[in-house]
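Just below is one structure, and these are the notes that go with it.
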Amino acid sequence: MNSQFSKIIQNQRDFYNSQQTKDIEFRILQLSTLRDLILEYEERISDALWQDLHKPKFEAYTTEIGIVLAEISMHLKHIRSYFGDDPKQSSDYGRIITQKKTERLVQLMHDATILCGGEAIPQERYLAPTIVGGISSSHPLMQEEIFGPVLPMMEYDSLDEVIDFINTGAKPLALYLFTGDPKKERKMLALTSSGGACINDTLIHFSNKRLPFGGIGQSGFGRYHGKYSFETFSHPRSVMKKVTWLDIPIRYPPYGEKLRLIKRLLK
């Protein structure tokens, strides 16, 4: 049975790597087919939800079937604006700062499997939004800051494996965790260290003026935003002032039995 499932999974991965799923028309066809199947088998889906969960047809439609159909309709309406036919023609898509930096990004992706995107025109400082896989922790993409639209992906079997991976490297500027499990959230935050963190989002913590933004270790020192900016660029100097009319002899030799008294005072 396991070999059968492994074969199905591998077939799906091979199909995904064939690049057929990138085409907009393919995605529209798949969404339309899914919508038609749901409508055709709506009664059987409702019956299954009743048998498994005892859900009335009203709840089955409002919490399961109807939501999926609404999502499909929304995607069919907007999918072209989501993806576009050519990202480099979009007025909302930026460029890399220099040709040299673009060439660096292309070099970083060497020996990685391009799962999505990958098109590069260095002389135009253009690199398409790119997702890569087939890499290990020793790959260059995992060894330095990327500073470009490249997202490396690595597989893992447990959250502990992820935590160990984070803790064996330099402390990151930001940690992003996507989960609906509060226990995993608490565990990740308790057992790792990073400049900042977001749960179920990215970057947004940078825009909150009430949160101090900054790094830790190799990712940077100091924090800014609001009063934290003032504190970062200020030096709180420690000053102790002693009166001249009193001096305690216990501080000076000969010490003799003074150690016993000091121990009592410092308990």
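Quick look at the numbers
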{"quantity": "Gain upon complete extension [residue 17, residue 190; 0.36 nm per residue less C-alpha separation]", "calculated": "58.6 nm"}
{"quantity": "Unit charges on C-beta of K, R, D, E only; dipole of the range 164-231, Debye", "calculated": "200 debye"}
{"quantity": "Distant-in-sequence amide H partners of residue 151 (H built 1.01 Å from N, under 5 Å)", "calculated": "130, 131, 132"}
{"quantity": "Nearest-20 debye value, the range 153-267 charge dipole, Cβ charges on Lys, Arg, Asp, Glu", "calculated": "1280 debye"}
{"quantity": "Beta bridge orientation in the range 101-244: antiparallel %, DSSP, nearest 5", "calculated": "50 percent"}
{"quantity": "Cβ crowding within 10 Å averaged over residues, with 73-80, 193-200 ranked highest first", "calculated": "193-200, 73-80"}
{"quantity": "Within the range 1-32, backbone nitrogen closer than 18 Å to the virtual label 7 Å beyond the Cα of residue 80 toward Cβ", "calculated": "22-32"}
{"quantity": "Residue-by-residue Karplus 3J(HN,Hα) for the range 98-115, coefficients 6.51, -1.76, 1.60, Hz, glycine and proline x", "calculated": "9, 5, 4, 5, 5, 5, 4, 5, 4, 5, 4, 7, 4, 6, 9, 8, 6, 8"}
{"quantity": "Peptide ranges 238-244, 201-207 listed from the most packed, as the mean C-beta count within 10 angstrom indicates", "calculated": "201-207, 238-244"}
{"quantity": "Lys, Arg +1 and Asp, Glu -1 on Cβ, resulting dipole of the chain about Cα centre, debye, nearest 20", "calculated": "2600 debye"}
{"quantity": "For the range 86-155, share of DSSP beta bridges that run antiparallel, in % to the nearest 5", "calculated": "60 percent"}
{"quantity": "Mean residue ellipticity (222 nm) of the chain, computed from DSSP H runs ≥ 4 via -39,500 (n - 2.57), nearest 500", "calculated": "-12500 deg cm²/dmol"}
{"quantity": "Distance between modelled label sites at residue 106 and residue 238, nm, 7 Å Cα→Cβ extension", "calculated": "5.5 nm"}
{"quantity": "Point-to-point label distance, residue 179-residue 73, nm (Cα→Cβ direction, 7 Å offset)", "calculated": "3.7 nm"}
{"quantity": "Phi to ³J(HN,Hα) by Karplus 6.51 cos²θ - 1.76 cosθ + 1.60 over the range 146-163, Hz, x for Gly, Pro", "calculated": "8, 6, x, x, 10, 10, x, 10, 10, 8, 8, 9, 8, 5, 4, 5, 5, 4"}
{"quantity": "Neighbour net charge for residue 148 - beta-carbon separation under 9 angstrom, K R +1, D E -1", "calculated": "+2"}
{"quantity": "Positive-end extreme of charge dipole, the range 22-79 - chosen from 34, 24, 45 (charges on Cβ)", "calculated": "24"}
{"quantity": "Leading residue at positive end of dipole, the chain (Cβ point charges), from 170, 4, 252", "calculated": "252"}
{"quantity": "Signed unit charges on C-beta, dipole axis of the range 86-155, positive-most listed residue 99, 135, 110", "calculated": "99"}
{"quantity": "Beta bridges by DSSP in the chain, antiparallel share as percent, to the nearest 5", "calculated": "50 percent"}
{"quantity": "Under Karplus coefficients 6.51, -1.76 and 1.60, residue-wise ³J(HN,Hα) of the range 39-44 in Hz, glycine/proline x", "calculated": "5, 5, 10, 4, 5, 5"}
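Bear in mind that the values in this text are calculations on the coordinates, not laboratory data. Just so it is clear, the structure is predicted and the values come from calculations on it, not from any experiment. All Cβ positions, glycine included, derive from the backbone under ideal geometry; neighbour counts span all protein chains shown.
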